[in-house]
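Q: What follows is a structure written as structure tokens; I'll ask about it next.
The values are calculated or read from the model by the stated rules, or taken from the named source; none is laboratory data. In this text, all values refer to a predicted model and were calculated from it rather than measured experimentally. Virtual Cβ from ideal backbone geometry, glycine too; neighbours counted across all protein chains shown.
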Amino acid sequence: MSSSLQQHLLVISPDASLKSEVEQALSGKRRQASVVHEAHDLTMTVDLTRDLSPQFVIVDLANDLDQFKSYLREIQAVSPQTLIAGVFHPSILDEDNLGSIFVEGMRAGAQDFLRRPISSKDLGQFLDRPHPAVLQAQSATATTIAFISNKGGVGKSTLAVNAATRLAQKHPGDVLLIDASLQMGVCAPMLNLRPETSLLDAIRERQRLDSTLIRQLATPHTSGLELLAAPPNAVAALEIDDQLMTRVLNLARRTYRYVVIDTFPLFDRIVMSVLDTADLAYIVLDNVVPTVLSIKHLLELLDNLGHPEERRRVVVNRMTTVTGHPTAQDIQMTLDRSIDYVFPYDKQVLTSANLGQPFAMRRSRWSKLDKQLQAMVREIQAHRRRPRGNDVPVETSEKDSLREMIEVPNG
């Protein structure tokens, strides 16, 4: 089973009952983690495939091999990493010709054929089967990083901007920061940018959106970073839904080497679509009791949704040792998991944000703040060199000793 938060399956058939048949064949946890979509014609198929980049497509062979092959060509053109299975009913196709039909279908790009009624076993084998083309396509896409919190004011956007900036210094022109905090994006002012275009333009131009256009819509920064800014206002943001967001994210992943996403501090369908795409999710909190408890509930929710724990990193930002605030050990006990990064409180971070000058632009050899940022960026770079299924957290020793961050001075 895919380790994604949601596994998208697209069913293509004039027969409306096929979608229900596929849903019934999905078993156990796979059913909870899967979303089945349907298309009834070629135009709808192309649009949904482009929007969703589904992991799997099931195409009804019916009794028209030429039409079946044309569907396969269109699917592969817009989503080459998608696995495709043909589905057939033995009462419709001549059993004597099945062998030659399967050979032609395989040559056209089908990876498997399923007999109706579809069994849970056959469907499960198709969904679980590794395929070299998929692994190759995944390796060609960007490493996608999301910064998440269900509480505002914890410095999530600050970390997203600075991580993206430091990455861009190492990979200029190959890092895109997407401000998906649709109602109140702040990435542009933190970078002292005044974008003329935004994420909203990408959505409105979705019919002709490609790698060239998405780079044209992004605003460059002196660090080498490119920003796809949030919509200009909350009303305009209402035009963007999770399906459209997924489409932009999938295209961005095929255009850049790294995609960093800032999100709105509310767990909604947009954030779920971001998590579904992200290779790593940095969950940000500060050491304030209500925030810690809120993040505990968020982690439990992610568990219930089937989000892989190995993709999560817990980040305590603006850590202080003020009396009455929970310590790092207190936070770890409450969350029942270790902390991956601790960024100490530093007045200069606020000054940098106000001036639109990310602190990542300044390197300080002795700064604990900078050491943690460096460690985070190293992890992101290392993650790109690993297949997505082999997510292994960076050891504490690689992170400039987390122990030295447990006791931090007041800013």
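Q: Starting from residues that are among the β-branched types (Val, Ile, Thr) and more than 22 Å from Pro358 (Cα to Cα), keep the ones in the stretch 206-230 and report whichever is surrounded by the fewest Cβ atoms within 10 Å (Cβ to Cβ). Let's see the steps before the verdict.
A: Going residue by residue through the stretch 206-230, those that are among the β-branched types (Val, Ile, Thr) are 212, 214, 219, 222.
Going one step further and asking which of them are more than 22 Å from Pro358 (Cα to Cα), we end up with 212, 214.
Values: Thr212: 10, Ile214: 22.
Per the criteria, the residue is Thr212.
Q: Follow-up question, since we're still on this one. For the stretch 17-76, name all the residues that are surrounded by fewer than 18 Cβ atoms within 10 Å (Cβ to Cβ) and over 25 Å from Pro90 (Cα atoms).
A: Passing the criteria: Gly28, Lys29, Arg31, Gln32, Val35, Thr43, Met44, Val46, Asp47, Glu74, Gln76.
Q: Further question on the same structure: Could you check how many residues of the stretch 171-191 are closer than 19 Å to Gln216 by Cα and surrounded by fewer than 23 Cβ atoms within 10 Å (Cβ to Cβ)?
A: Taking the stretch 171-191 and keeping what is closer than 19 Å to Gln216 by Cα, we get 171-180, 187-188, 191.
Next, from what is left, pick out any that are surrounded by fewer than 23 Cβ atoms within 10 Å (Cβ to Cβ): 171-174, 188.
Counting residues in the stretch 171-191 that are closer than 19 Å to Gln216 by Cα and surrounded by fewer than 23 Cβ atoms within 10 Å (Cβ to Cβ) gives 5.
Q: Here's another thing I want to ask about it. Please state which of the following conditions Thr141 fails to meet, knowing it meets all the rest: (1) surrounded by fewer than 23 Cβ atoms within 10 Å (Cβ to Cβ); (2) of a type in the set (Val, Ile, Thr); (3) at pLDDT 80 or above.
A: (3)
Q: Kindly list, by first and then second residue, each pair from a residue in the stretch 348-369 that is surrounded by 11 or more Cβ atoms within 10 Å (Cβ to Cβ) to a residue that is at pLDDT 90 or above and of a type in the set (Lys, Arg), limited to pairs with Cβ atoms under 7 Å and residues at least 6 apart or on different chains.
A: From residues that are surrounded by 11 or more Cβ atoms within 10 Å (Cβ to Cβ), the pairs are Ala360/Arg166.
Q: Considering each of Ser70, Ser79, Ser53, Ser100 in turn, give the residue that is hydroxyl-bearing (Ser, Thr, Tyr), more than 30 Å from Leu249 (Cα to Cα) and not assigned by TED's automatic domain parsing to the domain that holds Leu209.
A: Values: Ser70 fails: more than 30 Å from Leu249 (Cα to Cα); Ser79 fails: more than 30 Å from Leu249 (Cα to Cα); Ser53 fails: more than 30 Å from Leu249 (Cα to Cα).
Of Ser70, Ser79, Ser53, Ser100, the one residue that is hydroxyl-bearing (Ser, Thr, Tyr), more than 30 Å from Leu249 (Cα to Cα) and not assigned by TED's automatic domain parsing to the domain that holds Leu209 is Ser100.
Conditions tested, residue by residue: (1) loosely packed, with under 15 Cβ neighbours inside 10 Å; (2) under 14 Å from the mean Cα position of the chain (by Cα).
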residue: Val271; (1), (2): no, yes
residue: Tyr282; (1), (2): no, yes
residue: Leu285; (1), (2): no, no
residue: Leu301; (1), (2): yes, no
residue: Leu305; (1), (2): no, no
residue: Arg312; (1), (2): no, yes
residue: Gln329; (1), (2): yes, no
residue: Gln332; (1), (2): no, no
residue: Arg337; (1), (2): yes, no
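Q: Looking only at the stretch 86-134, which residues are at pLDDT below 85, within 22 Å of Ala16 (Cβ to Cβ) and among the small types (Gly, Ala, Ser)?
A: Residue satisfying the conditions is Ser91 alone.
Q: To continue, here is another question. Could you name every one of the helices (runs of 4 or more DSSP H) located completely within the stretch 153-232 that has at least 1 residues being in contact with a strand residue (DSSP E or B) (Cβ under 7 Å, 6 or more places away or on another chain) and small (Gly, Ala, Ser)?
A: Numbers: elements: 156-170, 187-190, 199-204, 211-217.
Once the helices (runs of 4 or more DSSP H) in the stretch 153-232 are filtered for at least 1 residues that are in contact with a strand residue (DSSP E or B) (Cβ under 7 Å, 6 or more places away or on another chain) and small (Gly, Ala, Ser), what remains is 156-170, 187-190, 199-204.
Q: A further question follows. For Ala252, are the conditions met, namely being modelled with pLDDT of 95 or more and buried (at least 19 other Cβ atoms within 10 Å of the Cβ)?
A: Details: modelled with pLDDT of 95 or more: no; buried (at least 19 other Cβ atoms within 10 Å of the Cβ): yes.
In short, no.
Q: If you don't mind, there's one more thing I want to ask. I'd like to check something: does the stretch 165-185 contain any residue that is out of contact with any Leu (no Cβ under 9 Å at 6 or more places or on another chain), under 24 Å from Glu239 (Cα atoms) and in the same structural domain as Pro308 (by TED's automatic domain parsing)?
A: Scanning the stretch 165-185 turns up at least one residue that is out of contact with any Leu (no Cβ under 9 Å at 6 or more places or on another chain), under 24 Å from Glu239 (Cα atoms) and in the same structural domain as Pro308 (by TED's automatic domain parsing).
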